[in-house]
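Reading through the structure tokens given below for one structure.
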Amino acid sequence: MPEQQASDQNKKIVEASDSATTIPLANPFLYVPKIMFFTKGKGIHKDHLTSFELALRDAQISDLNLVSVSSIKPPGCKIVSIQEGRKHLVPGQIVFAITARSSTNEPNRLIAASIGLARPVDDASHHGYLSEHHSTGETAQKAGDYAEDMAMEMLATTLGLPDDPSLTWDQREEQWKLSGKIYRTQNFTQSAEGNKDGLWTTVLSAAVLIL
């Protein structure tokens, strides 16, 4: 009898399942970001974590639940200002972002956080690259240039451009720029000197992706 009852119950479950409305699978293309914006900030506090929170506030993204992702700019993804980007976001929203951060409590220690971006000429159908660079002892200019160079190298090799190790970096860079396949490179960098009284100083740069 117990076996018969179990069989009847299973039959009812199957019948209910068959009659239920089928839920379509989500279209994976819905998860490709359509727009993105860049931001940066700095925070200073006696507590390390709070200095990070203040850097997020300075960057105007502290009210978001940020999920760190790797560094691809989707084809056709439009770059907008932070003011325009924030119009599409609400407090508590889960948001994907490429982030770079650096912290110190050493007085006068120079720190930097930079996001580099390299975009192909065929931006509508080919992806670009972003890079994250976190450093100590580097100026904003040096950190930004390094992040930008990393993004360019990743894009160049993806596009099949020559990467001759016998050439200097400047020679390879010139070769890639003359190829006509790389549209633009740039960087978004935040730097700071460690607080003179030994408080924690945190710098942050981020590229925020919006679906």
Which of the peptides 42-55, 111-124 is most tightly packed, and how do the rest follow, going by the mean number of other Cβ atoms within 10 Å of each residue?
111-124, 42-55
Could you tell me which residue out of TRP169, LEU155, ALA55 lies farthest along the dipole of the chain toward its positive end? Charges go on the beta carbon: Lys and Arg +1, Asp and Glu -1, centred on the Cα centre.
ALA55
Using 0.36 nm per residue, how much length does the chain from ASN105 to ARG57 gain when fully extended, once their Cα-Cα distance is taken away?
15.3 nm
By how many degrees, between 0 and 90 and to the nearest 10, does the Cα long axis of helix 2-19 differ from the longest principal axis of the chain?
60 degrees
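Grab the DSSP H runs of the chain that are 4 residues or longer, score each as -39,500 (n - 2.57), total them, divide by all residues and round the 222 nm result to the nearest 500 deg cm²/dmol.
It comes out at -9000 deg cm²/dmol, rounded to the nearest 500.
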Under the Karplus curve 6.51 cos²θ - 1.76 cosθ + 1.60, θ = phi - 60°, whole-Hz ³J(HN,Hα) for segment 192-207, x wherever Gly or Pro sits:
6, 9, x, 4, 5, 9, x, 6, 5, 10, 10, 10, 9, 10, 8, 10
Taking the Cα centre as origin and putting +1 on Lys and Arg beta-carbons and -1 on Asp and Glu beta-carbons, what dipole magnitude results for the chain, to the nearest 20 debye?
580 debye
Phi angles of segment 104-117, converted by Karplus (6.51 cos²θ - 1.76 cosθ + 1.60, θ = phi - 60°) into ³J(HN,Hα) in whole Hz with x for Gly and Pro, give 7, 10, 8, x, 6, 6, 7, 10, 8, 9, 9, 10, x, 9
In degrees, nearest 10, the alpha-carbon axis of helix 140-158 is tilted away from the dominant principal axis of the alpha carbons of the chain by 50 degrees
Give me a comma-separated list of calculated 3J(HN,Hα) values for segment 85-92, in order, Karplus coefficients 6.51, -1.76, 1.60 applied at θ = phi - 60°, integers in Hz, x for any Gly or Pro.
x, 5, 5, 9, 10, 10, x, x
How many lysine pairs in segment 63-198, separated by 8 or more positions in sequence or lying on different chains, have Cα atoms less than 22 Å apart?
6
Indicate the gyration tensor shape class of segment 59-157 (rounded, prolate or oblate), computed on the Cα atoms with a ≥ b ≥ c the square roots of the eigenvalues: a/c under 1.5 is rounded; otherwise a/b larger than b/c is prolate and the rest oblate.
oblate
How far apart, in nm, are two points set 7 Å out from the Cα along the Cα-to-Cβ line at LEU66 and at GLN83?
2.3 nm
Alpha carbons only, please: Rg and Dmax for the chain, in angstrom.
23.6, 83
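No lab work stands behind these numbers, since they all come straight from the coordinates. Only a predicted model underlies this, so the values are computations on that prediction, with no experimental measurement involved. For neighbour counting, all protein chains shown are included, and Cβ atoms are generated from backbone atoms with ideal geometry for every residue, glycine included.
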